[in-house]
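The values are calculated or read from the model by the stated rules, or taken from the named source; none is laboratory data. These figures come from a predicted structure and were not determined experimentally. Please note: Cβ atoms are built from the backbone with ideal geometry, for glycine as well, and neighbour counts cover all protein chains shown. Please note that ligands, DNA and RNA were not included when accessible areas were found on the heavy atoms of the full protein model with its side chains. Shrake-Rupley method; radii C 1.70, N 1.55, O 1.52, S 1.80 Å.
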Amino acid sequence: MKTRHLIAALAIAAAAMPAFAQTKYQNEYRLSTVVGTAFPWGKAGERWGEIVRQKTNGRINMKLYPGVSLVAGDQTREFTAIRQGVIDMAIGSTINWSPQIKELNLFSLPFLMPDYAAIDALTKGPVGKDIFARLERAGVVPLAWGENGFREVTNSKRELRKPEDFKGLKFRVVGSPLFLDTFSALGANPTQMSWADAQPALASGAVDGQENPLTIFTAAKLHTVGQKNVTLWGYVADPLIFVVNKEVWESWTPADRKIVREAAIEAGKYNLQIAREGMTGADPAVVKSIEGMGVKVVKLTPQERAAFVKTTKPVYDKWAKQIGPELVKKAEASIASRKK
Ligand code: X2X
């Protein structure tokens, strides 16, 4: 065969090959999370990787990088790093990705979600679909929902029962400006910092308090860094989202994509189960264990809670406009009609 003909034949063969046959699988895929396997979040990552490795016979080998170490601990840069391919896949908090995807601030609207059924009404309903479509437009492949949890406020100074109790206290808050507004509305002094910086700041007393789910409180042993007061106010909750970088996704066969998606859904269910275990009135094991550490746990009465809703209402209204009034209305309607 003449060289010219050989080249033509090869070109035809290459064009006929599906795209995935031309790309190579990586030896390792980097999975980013903020916290490790002592926390439900990290356990979900571990589970996702295990199922995928087993079902793909090791073709897809995911390695967990907790501490958002692929972006040097700066969790607000995680989403950009996934898009750029510095991170292959992640289980990320809606809070940490909200600087890039403003719709994700929805879950941080103070007192939008009164209970677990309300979170589910959003993630499993039309709002969840809209948010996945939004993430797809941003160039990542969303696969499943997980959960960090309801974020309860803690501090070293005093019991917090009413907005006035927040006055002058220094709080570490997460990386969305919405949190600065909420804590400022309460008369507190919020400072934005990463989770990595939060723990030494609490230990040294540079800040008095923070807000995080109780699973984070117990696994990170926050009672050992002065956090002697917890108030259960459930003001916001952060779902987690399982995503894969688009090019990585497209380099896999359809059969492998199916495995990765189904494994994410399974790991997400497991994540919800362990994130909610021991958190409800019927099974308050987590609160009991925190009280056992010598921590005072305040449960708000409905009237006390209402005072916080009122004080933070201007923040809700301001951010509802920025997030998109349509999406917020859809979320409110989904919650109003939820099955309890
Ligand atoms: O930084 C936090 O507080 C954490 C661990 O909950 C998140 O990544 C949102």
Test result for residue 181, within 10 Å of the ligand (Cβ to nearest atom), open to solvent by 10 Å² or more (accessible area, probe 1.4 Å) and among the charged types (D, E, K, R): no
Residue check for residue 123: over 17 Å from the mean Cα position of the chain (by Cα) and under 19 Å from residue 275 (Cβ atoms): no
Single residue of 59, 4, 30, 77 found to be basic (Lys, Arg), assigned to a helix (DSSP H, G or I) and modelled with pLDDT of 95 or more: 77
Where a residue in region 315-329 is under 13 Å from residue 107 (Cβ atoms) and its partner, wherever it lies, is among the basic types (Lys, Arg) and crowded, with 16+ Cβ neighbours inside 10 Å, with Cβ under 7 Å and at least six apart: 323/102
Condition met for residue 188 (free of Cβ contacts under 8 Å to residues at least 24 places away in the same chain, open to solvent by 10 Å² or more (accessible area, probe 1.4 Å) and aliphatic (A, V, I, L, M)): yes
Cross-chain or 6+ apart pairs with Cβ under 7 Å, region 296-312 first and among the charged types (D, E, K, R), then open to solvent by less than 50 Å² (accessible area, probe 1.4 Å) and not in a loop (DSSP other than H, G, I, E, B): 296/229; 299/232; 305/233
Among the residues listed as 92, 128, the single one being within 21 Å of residue 40 (Cβ to Cβ), buried (at least 17 other Cβ atoms within 10 Å of the Cβ) and within 16 Å of the ligand (Cβ to nearest atom): 92
Residues that are outside any helix (DSSP H, G or I) and more than 13 Å from the chain's Cα centre (by Cα), drawn from region 33-49: 36, 37, 38
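So is residue 239 crowded, with 23+ Cβ neighbours inside 10 Å and either away from the ligand (no atom under 16 Å from the Cβ) or touching a residue at least 60 places away in the same chain (Cβ under 8 Å) (or both) or not?
Taking the combined requirement at face value, the residue satisfies it.
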Where a residue in region 40-55 is of a type in the set (A, V, I, L, M, F, W, C) and its partner, wherever it lies, is more than 16 Å from the ligand (Cβ to nearest atom) and open to solvent by 20 Å² or more (accessible area, probe 1.4 Å), with Cβ under 7 Å and at least six apart: 44/270; 51/266; 52/259
Residue list for region 217-236, filter: in contact with a Pro (Cβ under 9 Å, 6 or more places away or on another chain) and either open to solvent by 10 Å² or more (accessible area, probe 1.4 Å) or not hydroxyl-bearing (Ser, Thr, Tyr) (or both): 219, 225, 234, 236
Residue 87 being within 27 Å of residue 282 (Cβ to Cβ), within 16 Å of the ligand (Cβ to nearest atom) and β-branched (Val, Ile, Thr): no
Filtered residues of region 244-263 (kept if in contact with a Pro (Cβ under 9 Å, 6 or more places away or on another chain) and under 16 Å from residue 51 (Cα atoms)): 244
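Working only within region 131-152, note down all residues that are charged (D, E, K, R) and within 16 Å of the ligand (Cβ to nearest atom).
147, 151, 152
Tell me, please, whether a residue that is surrounded by fewer than 21 Cβ atoms within 10 Å (Cβ to Cβ), farther than 26 Å from residue 201 by Cβ and touching a helix residue (DSSP H, G or I) at 6+ places or on another chain (Cβ under 6 Å) can be found in region 148-169. Even if it seems obvious, please write down each step before you answer.
Taking region 148-169 and keeping what is surrounded by fewer than 21 Cβ atoms within 10 Å (Cβ to Cβ), we get 156-159, 161-165, 167-168.
Keeping just the survivors that are farther than 26 Å from residue 201 by Cβ gives none.
Scanning region 148-169, I find no residue that is surrounded by fewer than 21 Cβ atoms within 10 Å (Cβ to Cβ), farther than 26 Å from residue 201 by Cβ and touching a helix residue (DSSP H, G or I) at 6+ places or on another chain (Cβ under 6 Å), so the answer is no.
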